[in-house]
Structures are given as C-alpha cells and as structure tokens.
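No lab work stands behind these numbers, since they all come straight from the coordinates. This structure is a prediction, so every number in the text was calculated from the model and none was measured. Here Cβ is always computed from backbone atoms with ideal geometry, including for glycine, and neighbour counts include all displayed protein chains.
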Amino acid sequence: MPRKPPVSDLDAQLFRDAVADVRPLPAPAENQTRRSKRPAPRPQKRRDERPTASTPSNEMREVAPVGAEESLDFVRPGLQHSLLRRLRRGQITLEGRLDLHGMTANEAGLALDRFIELSTSNRRRYVLVVHGKGHRSATAYPVLKSQVNGWLRQRPDVLAFYSALPADGGTGAVYILLKTRR
C-alpha cells in the first residue's frame, strides 16, 4: 500500500482549532445499557377483522353462499380498465395455478394463503385458482367456491378476480390479479 503524504503543520493546526471545544461524552451509568430496549409490541385494535396478507384465511367465517354456475368478480378501486378487461377475458399469461379440488375448507384456506404469499413474494401478478363448482358437495351450495370468494375479497394483496373462461375452469375457477411486493 502506498504511504499517505505527511500532514502539514498548517493542516494539523486547523484540525486542532476545529476540535478544540469537543469534550468526551460522559460514561454510561452501570445500570444503563447502550441500546435502549424497545417496548414489547401491543396488538392494535382494528376497526375491521379482515385478514392481512399474513393472516391465515382458513378461519371459517360465515360467507354468503354462491351458486355453482354463478360468476365471481371483484375489483378494488383505481385499477386500469384495460388491465381489468384483459383479466376478465383471460387475455393474460398465467404465472401460477392452484387446484383446491378434494380439499377441506381448512386445507383449502391454508393452501390458498401459502399460494398467494409465494406468488406475491415471487412477483407473480396473474394466477389461477381452481375451486370447483361443488357438484359433489353435501351442502346445497359449493362450499369452497363460496369460501374462496370471501377469502379473496378480504386479502389486501388481491386487487381483482374474475371467474375464468370455460377453457380454464369456467365458473369453477378464478383469474386473480395480485399486488406485487417491491
């Protein structure tokens, strides 16, 4: 390594003049620590009970039943109409797919949460979720379809969703537009 040039007498005197008023900080007391400890976080009271992106959707809540052939749609305000039109028409390249057939509602909720978390962290924007039409359901309505409709509406990282085209599952599946993480 090359040697640094020596400091001139003038530079040394200027430095001494600049720091002449500097005094050392007092030593910390024995019972004080250098880093102050942060108080434990307190749970915030929320005005609504909608899950955040990190809250599992698999909590069974009362949802409005949806018919097997009923189309689903949901849009958050402020999105471009051309983007929504392409999503609704299936004119997008799907970047992920999840099939919930054969799962219980709890299993489907957990799988949906994991899928959306993974998709957003991998910057996938357009995904398809196949929930089925509930033709073999013991209830009078499709349970998974109704639950997925409710869960997706509650997630802040879901910007929009529409029932898919027949080639992609029709009213038994939804195209989803996700908010990507930066």
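Spin-label pair Glu95-Ala12: with each label point 7 Å from Cα along the Cα-Cβ axis, the two points sit 6.2 nm from one another.
Does the range 73-178 come out rounded, prolate or oblate by the C-alpha gyration tensor, with a ≥ b ≥ c the root eigenvalues, rounded set by a/c under 1.5 and, if not, prolate when a/b is larger than b/c and oblate if not? Note, shape of the range 73-178 comes out prolate. 3J(HN,Hα) couplings calculated from phi for the range 109-124 with the Karplus curve 6.51 cos²θ - 1.76 cosθ + 1.60 (θ = phi - 60°) are, in sequence order, x, 5, 5, 5, 4, 4, 4, 5, 4, 5, 5, 5, 5, 8, 6, 7 Hz; Gly and Pro show x.
Assuming 0.36 nm per residue, please report the length gained on full extension of the stretch Arg123 to Arg76 beyond their Cα-Cα distance. The partial results should precede the final answer.
Details: separation 47, 0.36 × 47 = 16.92 nm, distance 1.90 nm.
Working it through step by step, the gained length comes to 15.0 nm.
Other residues whose C-beta falls under 13 angstrom from the C-beta of Leu98 contribute a net charge of -3, scoring Lys and Arg +1 and Asp and Glu -1. Overall form of the range 124-182: oblate. Here a/c, set by the Cα gyration tensor axes a ≥ b ≥ c, is 1.5 or more, and a/b is not larger than b/c.
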